[in-house]
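A short worksheet on the structure shown next.
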Amino acid sequence: MGAESTTKSSMISSVKSNFWLLLIIAVVIKQIPFVNVPFNWLESYFHEISHGLAALVSGGNIIRIQLFSNGAGLCTTQGGMAWLISFSGYAGAIGWGVLLFKVANFRQAFSRYITYVVLFLLITSCVLWVRDVLTLLICLVLIALFLATSKLKNYWVFPILLKVMALMVLLNGFQSPLYLIDGRGIGDGSALADITYIPEVVWIVIWAALAGYSLYRLSKTR
């Protein structure tokens with residue numbers, strides 16, 4: 001019995017520390033229709049709330065957060081530093097993904113705190129900045145997702161699930177900026193180009209490189 005328990009513990013530890021296996025799981029889940037939808041919403045929420053937090057820390061306000069069923073979103077802000085707000089959407093989502101992955105390695109009590117922080121942000125968003133039924137429903141789904149994750153009785157599942165969620169956010173964070181290469185001249189990259197006179201493609205490369213580098217660095221995490 002002791003040997004069996006040791007073997008199981010070793011297998012669990014191997015899965016938790018095997019970045020490439022977790023990445024494959026995340027990629028597979030991203031390809032599964034309907035199952036991947038909440039995780040697309042999660043990346044979109046992190047993107048929009050990062051815009052909003054950038055507005056708040058630079059002296060502005062959040063007017064409204066909208067999330068759409070196709071994974072798109074919109075954060076309407078007032079005041080603050082325009083370049084920081086525009087840059088922080090993609091960069092912030094990547095940061096959230098890294099944070100989720102990193103804290104999954106910490107001890108149980110501390111690693112669960114990050115889920116409570118996200119829950120607090122989601123609930124605050126619903127109360128203060130959500131103005132439409134669709135966004136409210138999406139936020140409620142995300143609240144349920146994090147509540148379910150934080151209440152897992154088998155602790156060994158928790159860090160694995162948290163890491164897979166983090167990797168899905170990062171994969172979306174890598175892929176999403178590439179959609180800006182459409183020639184339409186709208187979105188965060190175009191806004192930054194107007195503000196800084198640096199071409200949109202440069203910002204797209206920066207965001208994609210930031211996500212790629214983050215994935216590389218996490219692959220070295222044990």
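Numbers at a glance
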| item | result |
| --- | --- |
| Between 0 and 90°, nearest 10: helix 37-57 axis offset from the chain longest Cα axis | 50 degrees |
| Net dipole in debye of the stretch 95-222 [+1 Lys, Arg Cβ; -1 Asp, Glu Cβ; about Cα centre; nearest 20] | 900 debye |
| Helix 2-17 axis, angle to the chain major axis (alpha carbon atoms, nearest 10°) | 20 degrees |
| Helix 19-30 vs. the chain, principal-axis angle (Cα, 0 to 90°, nearest 10) | 60 degrees |
| Residue order for Asp194, Asp132 - accessible surface, 1.4 angstrom probe, largest first | Asp194, Asp132 |
| List Tyr179, Tyr216, Tyr45, ordered by accessible area with a 1.4 Å probe, largest first | Tyr179, Tyr216, Tyr45 |
| Mean ellipticity per residue at 222 nm, deg cm²/dmol - from DSSP H runs of n ≥ 4 across the chain, formula -39500 (n - 2.57) | -24000 deg cm²/dmol |
| Rg and Dmax of the chain, Cα atoms only, in Å | 18.2, 66 |
| Gaussian network model of the chain, Cα within-10 Å springs - most flexible of Pro159, Pro199, Pro177 | Pro199 |
| Computed accessible area, Lys220, all protein chains, 1.4 angstrom probe, square angstrom | 120 Å² |
| Rounded if a/c under 1.5, otherwise prolate or oblate - the stretch 25-154, Cα gyration tensor axes | prolate |
| Heavy atoms of Leu161: accessible area, 1.4 Å probe, square angstrom to 10 | 60 Å² |
| Charge dipole magnitude, Cβ of K and R +1, D and E -1 - the stretch 39-174, Cα centre, debye nearest 20 | 460 debye |
| Phe101 - accessible surface, heavy atoms, 1.4 Å probe, Å² rounded to 10 | 0 Å² |
| The stretch 101-222 shape via C-alpha gyration tensor axes, a/c threshold 1.5 | oblate |
| Two-site FRET efficiency, Leu21 against Ile195, from Cβ-Cβ distance with R₀ of 30 Å, rounded to 0.05 | 0.15 |
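The values are calculated or read from the model by the stated rules, or taken from the named source; none is laboratory data. Computed from a predicted structure; not experimentally measured. Cβ coordinates were reconstructed from backbone atoms using ideal geometry, including for glycine residues, and neighbour counts include every protein chain displayed. The area values use the complete protein model at the heavy-atom level, side chains included, leaving out ligands, DNA and RNA. Shrake-Rupley method; radii C 1.70, N 1.55, O 1.52, S 1.80 Å.
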